[in-house]
Amino acid sequence: MEKIYKTECNSPIGKLTLCATEYALVGVWIEGQKYFADTVLNPIEKEDLKVFDDTKKWLEEYFNGNKPSVKDLPLTPIGNDFRQKVWKILCEIPYGETITYGEIAKIIAKGKCIKKMSAQAIGGAVGHNPISIIIPCHRVVGKNGNLTGYAGGLDVKKYLLKLENAYIKY
């Protein structure tokens, strides 16, 4: 297994921990986040990686209200095939828009040629997204557009959706 490095940076939503291999981002976690860094064991402190510099610039652009592309960064989230498929769908949700767990379940079911997929299974994959903010799991909402759980906390989810000018229910 490749070595994994980590660094930290500040943001309007608190301290963020970034983890990466030499060339690709594997994690962005908000301090206190549920499942914080659960896919990364013993990362090595290191500041001077290009991927960290690029990620910090991306995040700065994002928090300044711009819309950097998820494709601007090399991402390698660690997870099984099912989670990877869900995270790929998350990357396709445009700024300012949301999608429900049920809608993602229908997309996954169609791709697997099955009739139905559990929205709860989707929720598990979304909740374990290791690259918060950049892979936009905060854009996933409950049935009828209701805000539901977010590993970084509902206040953070609301903040990110407002920043993106997404319509949200309270």
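See the values below:
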item	result
Search result, residues across region 62-81 that are open to solvent by less than 50 Å² (accessible area, probe 1.4 Å) and over 12 Å from the mean Cα position of the chain (by Cα)	Tyr62, Phe63, Gly65, Pro68, Ser69, Leu73, Gly79
Filter result for Gly96 (out of contact with any helix residue (DSSP H, G or I) (no Cβ under 7 Å at 6 or more places or on another chain), in contact (Cβ under 8 Å) with a residue 12 or more places away in the chain, open to solvent by less than 70 Å² (accessible area, probe 1.4 Å) and under 21 Å from Val40 (Cα atoms))	no
Region 120-170, residues that are of a type in the set (D, E, K, R) and without any contact (Cβ under 8 Å) to a residue 40 or more places away in the chain	Asp155, Lys157, Lys158, Lys162, Lys169
Residue tally, condition touching a Leu at 6+ places or on another chain (Cβ under 8 Å), open to solvent by less than 50 Å² (accessible area, probe 1.4 Å) and of a type in the set (A, V, I, L, M, F, W, C), over region 138-160	3
Qualifying residues in region 29-61 (those that are of a type in the set (Val, Ile, Thr) and modelled with pLDDT of 95 or more) - the one surrounded by the fewest Cβ atoms within 10 Å (Cβ to Cβ)	Val51
Checking Ile135 against (1) of a type outside the set (D, E, K, R); (2) open to solvent by less than 30 Å² (accessible area, probe 1.4 Å); (3) outside any loop (DSSP other than H, G, I, E, B); (4) touching a helix residue (DSSP H, G or I) at 6+ places or on another chain (Cβ under 7 Å), the condition it does not meet	(3)
Options Ala105, Ala109; residue that is touching a residue at least 12 places away in the same chain (Cβ under 8 Å), open to solvent by less than 70 Å² (accessible area, probe 1.4 Å) and in contact with a Lys or Arg (Cβ under 9 Å, 6 or more places away or on another chain)	Ala105
In region 113-129, residue nearest to Gly102 (Cα to Cα) [restricted to those that are open to solvent by less than 40 Å² (accessible area, probe 1.4 Å) and not aliphatic (A, V, I, L, M)]	Gly123
Test: Asn165 is open to solvent by 30 Å² or more (accessible area, probe 1.4 Å), polar (S, T, N, Q) and in a helix (DSSP H, G or I)	no
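The values are calculated or read from the model by the stated rules, or taken from the named source; none is laboratory data. Nothing here was measured: the structure is a model prediction, and the numbers come from that model. Every residue, glycine as well, gets a Cβ built from its backbone with ideal geometry; the counts of neighbours run over all protein chains shown. Side chains included, ligands, DNA and RNA excluded: accessible areas come from the protein's heavy atoms. Shrake-Rupley method; radii C 1.70, N 1.55, O 1.52, S 1.80 Å.
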